[in-house]
Amino acid sequence: MHRTGVPPSRFTFSSVLNACARLPAILEGKQVHKRLIQSGLLPNNKIVETTLLDMYAKCGFLDDARKLYDEMGEKNSVTWVAMIAGYGKCGDVKEARSVFDCVRETEDASCWAAMVACYAQNGCAKEAIDMYMEMRAREVKISDVAIVGALSACTQLGDAELATTLAADVGRLCRGRGVFVWNALIHMHAKCGSLDLARKEFNAMKERDVITYSTMITALADHGQSQEALSMFQQMQNEGLRPNEVTFISILNACSHGGLVKEGCESFELMTSVFGIRPLAEHVTCMVDLLGRAGQLERAYNLVMENVELANDPGIWGAFHAACRLHGDVEMGEMAARKLGEMDPEDPGNQVVLASGYASNSDWQAAEKVRKMISGKGTKRSPGCSWISG
DNA sequence: ATAGGGTTAG
């Protein structure tokens, strides 16, 4: 960038820092930091300092971000939010909260929103809702970010009553709502039990994106409407939207729920051949589940072997093992049990699996007793539900 | 012209 002899401007530095943050690429980011100091643009340039801080935070180097933050003197809401979000992304809710506590007296709406989002992203649904309610009580401005955090928290809680309240808030407070709000709203309705409301919001949208469709596909599958999920997938492609790896997890999951073996295999093929998406462990797990439940254990096994780079994934072997049990294939089941035991011997679920895996063909019933003893539970299992977790 | 926060699977 300095071939021309013209020294890079602060704008050039900023866009390079943004690229480092997005990748993320900490080594390059640190290089830029050095050159900023060499070229005299630092210190005493708040915007450049904040960009740098955000780069460190997005790369997960919160200590470096914190150092800049502490040395910065006067802060503003952009700095605070970058710190809160940075701590939130690496799961440090406590530190995020301590930054928030330093500024909460200013009633800065973006800090409140960032904190609600941080709670929601880290599974602290209750705290997110409490904070959102406090925002309402104190009449802090509710932005799209704040409401999305609250919707996501409610989704985690599956609280239908709260869902009604929040949906009304969306109508009241977010008139020019963006696609993030729509998507979070649809997801909340679906998980809180109302596929109808999810559908209604979906139909009212004028601009949908990949996430909108992925969310609806999962919603339909969860409510037992696998065929509709497949139509949704088709509609999405007709709209010219490109499915991503999460969309395919949704669609394979829908096929698995509905026992749609042919459609599932076609979708998997479409994903790898047409869209060039390399299968993740989640995709293979769905396929093993789908084929395994249909009794096609050998096909399931072959699929795992075709994706042997994922063969250390416990989820895949767990699904395979469950299928072996469902169809009484003792030999394959033992093999899967050994794999699980090798992968994570400490896992109590795997110890249970291993106990049954040690059994010889004639000893299957004895193994069943051992297993019952260890788990301390009965053997009731519902179709489609792994006996390990059940 | 340069800075921040969010939604999908599991």
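A:K126 versus A:D209, label points 7 Å from Cα toward the beta carbon: distance in nm?
3.3
Is there a pair in A:K46/A:K94; A:K58/A:K200; A:K46/A:K89 whose C-alpha atoms are over 28 Å apart, and which pairs would that be?
A:K58/A:K200
How far, in nm, would the chain grow between A:N44 and A:V179 when pulled straight, counting 0.36 nm per residue and subtracting the alpha carbon separation?
44.8 nm
Using a Gaussian network model on chain A with a 10 Å cutoff between Cα atoms, which of A:H257, A:H223, A:H33 fluctuates the most?
Fluctuation is largest for A:H33.
Label point 7 Å out from A:E342 along Cα-to-Cβ: which residues of the stretch A:308-332 have amide N under 17 Å?
Only A:308-321, A:331-332 pass the distance filter.
When a/c reaches 1.5 or more, the comparison of a/b and b/c decides; with that in mind, is the stretch A:8-74 rounded, prolate or oblate per its Cα gyration tensor?
Because a/c hits 1.5 or more and a/b fails to exceed b/c, the stretch A:8-74 counts as oblate.
Output the Kirkwood hydrodynamic radius of the stretch A:101-206, Cα pairs only, in Å rounded to one decimal.
About 13.6 Å for the stretch A:101-206.
Could you let me know the centre-to-centre spacing of the stretch A:76-135 and the stretch A:6-68, using Cα atoms, in angstrom?
23
Please report, for the Cα atoms of the stretch A:218-319, the Rg to one decimal and the Dmax as a whole number; what are they, in angstrom?
13.0, 37
Mean separation of Cα pairs under 8 Å and 6+ residues apart, divided by the residue count of the stretch A:208-266: what relative contact order is that in percent?
Reported relative contact order: 41 percent.
Mind sorting A:S39, A:S250, A:S194 by how few other Cβ atoms lie within 10 Å of their own Cβ, fewest first?
Neighbour counts put them in this order, fewest first: A:S39, A:S194, A:S250.
Once fully extended, how much extra length lies between A:M305 and A:Q31, figured as 0.36 nm per residue of separation less the alpha-carbon to alpha-carbon distance?
Net length gain for the segment: 94.4 nm.
I need two numbers for chain A: Rg to one decimal and Dmax as a whole number, Cα atoms only, in Å.
25.4, 81
Of A:M133, A:M232, how do they rank once you tally other Cβ atoms within 10 Å and put the fewest first?
By the 10 Å Cβ count, ascending: A:M133, A:M232.
Can you pull out the chymotrypsin sites (Phe, Trp or Tyr not before Pro) in the stretch A:240-313 whose DSSP state is coil and whose Cβ has at most 14 other Cβ atoms within 10 Å?
In loop regions of the stretch A:240-313 (DSSP not H, G, I, E or B), the sparsely surrounded chymotrypsin sites (Phe, Trp or Tyr not before Pro) are A:F275.
Measuring from centroid to centroid over Cα atoms, what is the spacing of the stretch A:199-238 and the stretch A:311-341 in Å?
After rounding, the separation between the Cα centres reads 33 Å.
From the alpha carbon gyration tensor of the stretch A:156-230, can you work out the equivalent ellipsoid semi-axes (sqrt of 5 times each eigenvalue) and give them in Å, largest to smallest?
19, 16, 9
Here, each number is a calculation from the coordinates, and none is a lab measurement. No experiment lies behind these values; they were computed from the predicted model shown. As a convention, Cβ positions derive from the backbone with ideal geometry for all residues, glycine included, and neighbour counts pool all protein chains shown.
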